[in-house]
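Inspection log for the structure reproduced underneath, given as structure tokens.
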Amino acid sequence: MHSPDTIYGTTIVSVRKGDRVAIAGDGQVSLGQTVLKSDAFTLFERLEAKLEQYPGQLQRAAVELAKDWRTDRYLRRLEAMMIVADANVTLVLTGTGDVLEPEAGVAGIGSGGMFALAAARALLDREDDPEAIVRRALEVAADICVYTNRNIVVETVG
């Protein structure tokens, strides 16, 4: 049985293939039986502010956000992760202040992230369309992880 005060993150997966990148998520963060989203929006808003400071420099904006994340009293309590991408780079940002570039252009985070990551890596050689890969990877994760749903939202660049 899972604790009612444990947060289970949404499942996010990203695939970069050729000149295209796709990020997909199931759109749900839960605390017990309650669905949460405000923390994710807070982080996203802060990243947007950093991108306004450093236009066209996702990596620099992500590093600056990570610095804030480590030092901000409110943010440092968040045990969250983010995947961000633009035409040039995909990054995973962690609550410990890490900014990581995923291996092979594939990343997965959240409650079903490892399932989605494994599925996406398996599909890399069989499928050319990153959008199709992330959709299928989330479907696989939803089949395995009870905290991953099928309300898939996909964003693509390129």
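Computed from the coordinates by the stated procedures, all read-outs in this text should not be read as laboratory data. Keep in mind that this is a model prediction, so the values were computed, not measured. Neighbour counts run over all protein chains shown; Cβ positions are idealised from the backbone, glycine included.
Counting only other residues whose beta carbon sits under 14 Å from that of LEU123, what net charge do I get with K and R as +1, D and E as -1?
Charge balance near LEU123 sits at 0.
Counting other beta carbons within 10 Å of each residue's own, what order do SER14, SER111 fall into, fewest first?
With the sparsest Cβ surroundings first, the list reads SER111, SER14.
Can you give the Kirkwood hydrodynamic radius of region 7-145 from its Cα pairs, in Å with one decimal?
It works out to 15.3 Å.
Size of the dipole of region 41-121 about the Cα centre, Lys and Arg at +1 and Asp and Glu at -1 on the beta carbon, nothing else charged, in debye to 20?
Roughly 220 debye, rounded to the nearest 20.
To the nearest 0.05, what FRET efficiency results for ASN151 and LEU124 with a Förster distance of 25 Å applied to their C-beta separation? Present the calculation step by step, with values, prior to reporting the outcome.
Numbers: r = 24 Å, r/R0 = 0.98.
Plugging the Cβ-Cβ distance into 1/(1 + (r/R0)^6) gives 0.55.
Please give the length that would be gained between ASP72 and GLU48 if that part of the chain were fully extended, namely 0.36 nm times their separation in residues minus their C-alpha to C-alpha distance (nm, one decimal).
Working it through step by step, the gained length comes to 7.0 nm.
Suppose a student asked you for the relative contact order of region 7-145, using Cα pairs under 8 Å spaced at least 6 residues apart; what percent would you report?
It comes to 31 percent, rounded to a whole number.
Could you give each residue of region 144-156 its phi-based ³J(HN,Hα) in whole Hz, using Karplus coefficients 6.51, -1.76, 1.60 with θ = phi - 60°, and x for Gly or Pro?
9, 9, 5, 8, 9, 10, 9, 8, 7, 10, 10, 10, 10
Just want the ordering: TYR54, TYR147, from fewest to most Cβ atoms lying within 10 Å of their own Cβ.
So the residues, fewest neighbours to most, are TYR54, TYR147.
Residue by residue through region 110-120, what is 3J(HN,Hα) from phi via Karplus (6.51 cos²θ - 1.76 cosθ + 1.60, θ = phi - 60°)? Round to whole Hz and write x for glycine and proline.
Each residue of region 110-120 in turn: x, 4, x, x, 5, 5, 5, 4, 4, 5, 5 Hz.
Ordered by residue, what ³J(HN,Hα) values in Hz, to whole numbers, does region 126-134 give under the Karplus form 6.51 cos²θ - 1.76 cosθ + 1.60, where θ = phi - 60° and Gly and Pro are x?
For region 126-134, the Karplus-derived couplings read 9, 9, 8, 8, x, 5, 5, 5, 5 Hz, x marking Gly and Pro.
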